[in-house]
Amino acid sequence: MSSARDITPSAPIPQRTVVSSWGQNLSTSPVATFQSPPASLGGMLPRKSVPKILKPFNTQDIKILLLENVNQTGRDILTGQGYQVEALKTSLPEDQLIEKIREVHVIGIRSKTKLSEKVLSEAKNLLVIGCFCIGTNQVDLTYAARRGIAVFNSPFANSRSVAELVIAEIITLARQLGDRSIEMHRGTWNKVSAKCWEIRGKTLGIVGYGHIGSQLSVLAEAMGMNVIYYDVVTLMALGTARQVPSLENLLEEADFVTLHVPDLPETRNMISTAQLDRMKLGSYLINASRGTVVDIPALVKAMRSGHIAGAALDVYPNEPAGNGDYFTNNLNQWAEELRSLSNLILTPHIGGSTEEAQRAIGVEG
Ligand SMILES: NC(=O)c1ccc[n+]([C@@H]2O[C@H](COP(=O)([O-])OP(=O)(O)OC[C@H]3O[C@@H](n4cnc5c(N)ncnc54)[C@H](O)[C@@H]3O)[C@@H](O)[C@H]2O)c1
């Protein structure tokens, strides 16, 4: 057997050189030689096609505005490539956003920045909107499409983080851990087992079996739960999970109901008084999807009556643009009543807020 050796091409491979506007070589990859079409096709083809001139751009001329504390990894990639990057920690009020967006070619946002038609119509140079998050409902997509502005998002980078949070919440609710912890912080020792449960053998009902719902399904089964799900689309079950034909079926059967649907007209107040009444006595509700999906005053009533034994909310109809003491009736008129309930976990939209998810979104975005 002959020994391995380098293969030397018999003819030199042609090299392509693209020169950018500032005189640097961009690519030297080999390129095929294009042959002229045979003369017999001459009559069928346009006589002279004018080749489209591709204009390389200088990254230093491109202005990028990143809002809402986009992850450092993403910022480093863009600055490393020579773009002009301005990064701000928060979103901006509409008037300031309009001022800033006039100049930029690219804007990177998360869920708080509203890019309405009014805002986008002021953006004379805008080419790209990067949503460093899952949802794109904060952007007027129809208007962006009309203006030829491309919109990107990062649909699965934080699915696992949300699924893990929900698993933690299921156990926390079943064992009333939030209440016990608050009591201990106040100095109260309250060792109870009444109405505290194992999750093994209980039924988890997942509404919306997409990226997050399906991840959660696998994790919950590994913890010994029975999983059922409802989705508008017929989807293959993972493991031994089972799709049920209607939301009502799911509500009647599940011990824990968790919501993972998008914000759509048909999902607004999807869980209200009628649906809460259908849920089992002493069952639990978790919402880490969008704040509009649950009718919160109806949930408050169902929890006060004891029909719902606990709930976890990560999202709200109105959420503040920055951190601070904002979770009051000024933000949502029921906020203070909600805050007074027992066995209720309230978190500030942190489902996808892990180092891993933010790094992945920063890189993908
Ligand atoms: N809390 C957070 O930090 C956080 C993080 C990421 C995503 N989210 C939210 O979680 C939700 C789910 O995200 P995902 O990535 O799994 O979305 P996805 O698009 O992958 O899945 C959504 C599923 O819901 C189904 N669905 C749509 N309308 C329905 C209806 N009326 N009834 C039943 N099912 C319906 C869809 O068919 C789909 O299977 C979204 O609202 C997203 O914005 C929240």
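Compute the helix-to-body angle for 355-364: its Cα long axis versus the longest principal axis of the chain, expressed 0 to 90° and rounded to tens. That helix lies at roughly 30 degrees to the long axis. Where the alpha-carbon atoms of the range 159-352 are placed on the principal axes, they occupy 47, 39, 30 Å, in descending order.
Measuring r between the beta carbons of Ser246 and His307 and using R0 = 22 Å, the FRET efficiency lands at 0.60. Length gained on full extension, Gln96 to Leu141, computed as 0.36 nm times the residue gap minus the Cα-Cα distance: 14.1 nm. Counted by Cβ distance under 15 Å from Gln275, the other residues give a net charge of -2, where Lys and Arg count +1 and Asp and Glu count -1.
Inter-label distance, Tyr326 to Thr354: 2.6 nm, where each label sits 7 Å from its Cα along the C-beta direction. Taking 20 Å as the limit for the C-alpha separation, the pairs Lys89/Lys124; Lys89/Lys118; Lys89/Lys112 exceed it in the case of Lys89/Lys124; Lys89/Lys118.
For the chain, modelled as a GNM with alpha-carbon contacts under 10 angstrom, which of Ser340, Ser159, Ser214 fluctuates the most? Of Ser340, Ser159, Ser214, the most mobile in the Gaussian network model is Ser340.
Considering all different alpha carbon pairs of the range 306-365, the Kirkwood hydrodynamic radius works out to 13.5 Å. Site-free segments of the chain were taken between chymotrypsin sites (Phe, Trp or Tyr not before Pro) in DSSP loops having at most 16 other Cβ atoms within 10 Å, sites themselves excluded; the longest one is 190-325.
For the chain, DSSP calls about 5 percent of its internal beta bridges antiparallel.
Applying the Kirkwood pairwise sum to the alpha-carbon positions of the chain produces a hydrodynamic radius of 24.3 angstrom.
Cβ-to-Cβ counts within 10 Å put Leu204, Leu250, Leu127 in ascending order as Leu127, Leu250, Leu204, the fewest first. The range 163-209 has equivalent-ellipsoid semi-axes of 25, 13, 6 Å, by the square roots of 5 times the alpha carbon gyration tensor eigenvalues, sorted largest first. Note down the net charge around Ile64, summing +1 for each Lys or Arg and -1 for each Asp or Glu among other residues with Cβ under 10 Å from its Cβ. Summing Lys and Arg as +1 and Asp and Glu as -1 gives +1.
Among Lys118, Lys191, a tally of other beta-carbon atoms within 10 Å of each Cβ gives an order, fewest to most, of Lys191, Lys118.
Net length available on complete extension from Ala222 to Val128 is 29.7 nm, with 0.36 nm assigned per residue and the Cα-Cα distance removed. In order along the range 68-82, the Karplus-derived 3J(HN,Hα) couplings, from 6.51 cos²θ - 1.76 cosθ + 1.60 at θ = phi - 60°, round to 6, 6, 4, 3, 3, 4, x, 4, 5, 4, 5, 5, x, 8, x Hz, and Gly and Pro are given as x. Picking from Ala254, Ala150, Ala241, which is most flexible by a Gaussian network model of the chain using Cα springs under 10 Å? Maximum among the listed residues: Ala150. Over the alpha-carbon set of the range 59-153, divide Rg by the Kirkwood Rh and report the Rg/Rh ratio to two decimals. My calculation of the ratio gives 0.92.
If you take all other residues with their beta carbon under 14 Å from the beta carbon of Ser342, and give Lys and Arg +1 and Asp and Glu -1, the sum is +3.
Per-residue ellipticity at 222 nm, computed for the chain from helices alone with -39500 (n - 2.57) per DSSP H run of at least four residues, works out to -7500 deg cm²/dmol. Exposed loop sites here are GluC sites (Glu not before Pro) assigned a DSSP state other than H, G, I, E or B and surrounded by at most 15 other beta carbons within 10 Å; excluding them, the longest clear run of the chain is 199-365.
For the residues Asn158, Asn318, Asn330, a GNM of the chain with alpha-carbon springs under 10 Å puts the largest fluctuation on Asn330.
With a simple spin-label model that places each label point 7 Å from the Cα along the Cα-to-Cβ direction, the separation between Ile171 and Asn190 comes to 2.2 nm. Residue exposure proxy: Val162, Val232, ordered by other Cβ atoms within 10 angstrom of their Cβ from fewest to most, comes out as Val232, Val162.
Read-outs: derived from the displayed coordinates by stated rules, not from any lab. These figures come from a predicted structure and were not determined experimentally. Note: ideal-geometry Cβ built from the backbone for every residue, glycine included; neighbour counts use all protein chains shown.
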